[in-house]
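Working notes, structure below.
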Amino acid sequence: MRASVERALRGLLWDKVPRNHRQDPRPFLVRRVVTAVFVVLGAGALGWSLQIDSGDPTFYVATLVLAGIWTVGAFASGPLYLGRIADPNRHDDLRRPVLGAIVLGLALAGVFVVGALIVREIPVINEEVSSVLDHANEGVTPILLLVTVVNGIAEELFFRGALYAAVPRHPVVWSTVAYVAATLATGNFMLAFSAILLGLVVGLERRASGGILAPVLTHVTWSTVMLFALPLLF
């Protein structure tokens with residue numbers, strides 16, 4: 001059992017599958033310019049969305065605008081790929097990383113829940129987290145769930161799709177740095193800390209699979225669990 005789990009994790013997070021996604025110099029330059037512009041636009045929209053008072057319906061508009069920015073930037077930058085990983089039982093076969101990515105998202109959410117039980121006892125951190133949850137504390141409505149899922153997908157399209165492909169060296173590190181930098185626009189350091197851990201995990205998934213499917217599934221699973229769990233803890 002342990003060996004099977006280790007093989008699955010290596011396939012999902014570490015062992016790179018063969019692919020050829022190299023771009024010519026001109027399209028690659030276009031990708032880099034487009035992603036740089038949209039990082040700035042997205043950071044501004046993210047900061048705006050979290051400055052809106054809880055209960056104000058403008059929040060949903062702002063977050064959907066943000067998702068639109070990430071999505072347009074991703075597709076405008078160049079081609080995106082779903083990605084594949086090696087089958088842990090037959091290494092010569094490749095498959096879409098679906099179940100493993102979802103399970104990893106659940107495991108990551110579990111780690112964050114345990115962490116939340118600890119940090120809620122620290123007043124300063126408790127206040128930081130509670131400020132992020134103002135909108136969720138109004139109730140997890142279908143539109144809030146929709147916004148959470150849509151933004152999770154959009155962020156991965158951009159950061160692990162477009163931006164990752166625009167970085168010639170150490171893309172896991174630099175895509176995570178950019179993700180954290182954009183998150184810091186909210187002024188909330190707990191969100192930025194979450195972005196570091198999540199960004200590294202989904203960045204490794206992107207590196208291993210060569211595509212965005214695994215990062216999207218892990219991110220959406222994690223953020224959905226957090227949406228329901230954190231208001232109960234804070």
Exercise for the section: Please give the per residue accessible area of the stretch 172-230, computed with a probe of 1.4 Å over protein heavy atoms only, in Å². Expected result: 32
Completion exercise
Checking rank on 13-24, 201-212, 102-113, 62-73, with mean other Cβ inside 10 Å and highest first, the result is 201-212, 62-73, 102-113, 13-24
Problem - Extension gain, Trp174 back to Asp53 (0.36 nm per residue minus Cα-Cα distance, nm) - result: 40.3 nm
Completion exercise
Carbon/sulfur accessible area of the stretch 61-115, % of total, 1.4 Å probe, equals 71
Handout entry: Karplus-derived HN-Hα couplings along the stretch 39-49 (A = 6.51, B = -1.76, C = 1.60, θ = phi - 60°), whole Hz, x at Gly and Pro
Key = 4, 5, 4, x, 4, x, 5, 5, x, 5, 5
Completion exercise
With 0.36 nm assigned to each residue of separation and the Cα-Cα distance removed, Lys16 to Ile196 gains 62.6 nm
Practice task
Taking H placed 1.01 Å from N in the peptide plane, check which residues at least 5 places from Tyr81 or on another chain put their amide H under 5 Å from its amide H.
Solution key: Ile212
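The values are calculated or read from the model by the stated rules, or taken from the named source; none is laboratory data. In this text, all values refer to a predicted model and were calculated from it rather than measured experimentally. Virtual Cβ from ideal backbone geometry, glycine too; neighbours counted across all protein chains shown. The protein model used for the area step is the full one, side chains on, heavy atoms only, and it has no ligands, DNA or RNA in it. Shrake-Rupley method; radii C 1.70, N 1.55, O 1.52, S 1.80 Å.
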